[in-house]
1. When the convex hull of the Cα atoms of region 53-173 is projected onto a plane and the area is averaged over all directions, what value comes out in nm²?
2. If the cut-off is a Cα-Cα distance under 18 Å, which lysines reach Lys174, setting aside same-chain residues fewer than 8 apart in sequence?
3. Cross-link candidates for Lys63: which lysines have Cα within less than 23 Å, leaving aside residues fewer than 8 places away along the same chain?
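Values quoted throughout were computed directly from the atomic coordinates according to the rules given, and no laboratory measurement underlies them. Because the structure is predicted, anything quoted here is derived from the model rather than measured.
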Amino acid sequence: MENLFGIIGDFDFENIIEIPDWVGEGLHRCRVSYDEEVSKVEFFEYDFKHPKFIQLDEYQSFKYDFKYEDRSGFQNLLKLYPKADDVIVTQNGLLTDATYANLAFFDGTKWFTPNTYLLLGTKREYLIDNQLLFEEEIAVKDLKKFKRIALVNAMRDLDLSYEFELDNNIITIKS
């Protein structure tokens, strides 16, 4: 928050978030919207997306240093590729992130994540801190050395991964 608003300190989420009665079985996510103060707390059922096609798109000027409520940049990118389930942004030929997750690639021994990410995700950092994921510069041309892809965010871990192949800037998930 300090980097974004110049505020020092944290929100006391235990006193801010009240979990509704309807949140019970299943997996849910909580979205907290805030500026200098918390303005809204929402809960949603979480539905795991299992992509079949992921488009790579070179987009030099795309920035997403903080998690914003306005995701129109990502939504516009997805509209460019209606057959794709997701889009991975590349910059200077290097992989960054997908529209809703950080990236992880398995080479058969270790998991790697691009050191050229758009958003410093909390799950990504957790996996790096616990030496389950290693940062590396990953170019589009390097994808052929990897066997699996995982789309990592607060709700998705490395255990949800897919075999894939790359052809003409489209990652196809093998079934």
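1. Averaged projected hull area, Cα only: 6.9 nm².
2. By straight Cα distance, Lys174 reaches Lys49, Lys52, Lys83, Lys144, Lys145, Lys147.
3. Leaving aside lysines fewer than 8 places away in the same chain, those within reach of Lys63 are Lys79, Lys123, Lys141.
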